[in-house]
Every structure is written in structure tokens, then in C-alpha cells.
1. Could you figure out which of (1) modelled with pLDDT of 95 or more; (2) not in a helix (DSSP H, G or I) isn't true of residue 32?
2. Scan region 40-61 and tell me whether some residue there is assigned to a loop (DSSP other than H, G, I, E, B) and modelled with pLDDT under 95.
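The values are calculated or read from the model by the stated rules, or taken from the named source; none is laboratory data. Here the structure is a predicted model, which is why all the values come from computation and not from measurement.
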Amino acid sequence: MKQPQIGEKLMRFIRLKEVVNKVVLSRSSIYRRIANEDFPKPILLGGRASGWIESEVDEWLMQCVRKSRDQEVTQFASNH
């Protein structure tokens, strides 16, 4: 197995409970967003177990922040 190099981040899978806590959305909201292709899809880990790649969930959160900040800047500019 390849050893991670300096600066490489290990891939980490997180289960639904941790995803719900991290993104502060309900389970049904997460699955609705997945169906609408607006949230990362889980990875089948075997049997009935699935998980999300944590870095993909983190990137989704950052996109939400950037989108929110862009809207704030646009609204501020239009009011002045």
C-alpha cells in the first residue's frame, strides 16, 4: 500500500450521523439534495453500509459559504 506523502491528506469516510451534525441538515434534506444533485453522493462501503468522503462534504460546505458571501456582497452593492 502506498504511504501518504508530506502534505497529502488521508481520505476519510464519515457516516450519515456525522454528516447530519456537520452540515446541520436533516437526513431527509440531505437525501433530497442528493436526488437533486446538490449534495455529494455517498459511497457504498459494503453490504448496507455507506459513507461520504469527508473532503467532498467539506467542499460542499465551502461552496455554500462562498455562495452566501457572494450574495451578501451583491446585495450590499445594490443598496449603495
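1. Residue 32 satisfies all of (1) modelled with pLDDT of 95 or more; (2) not in a helix (DSSP H, G or I) except (2).
2. Yes, that holds for at least one residue.
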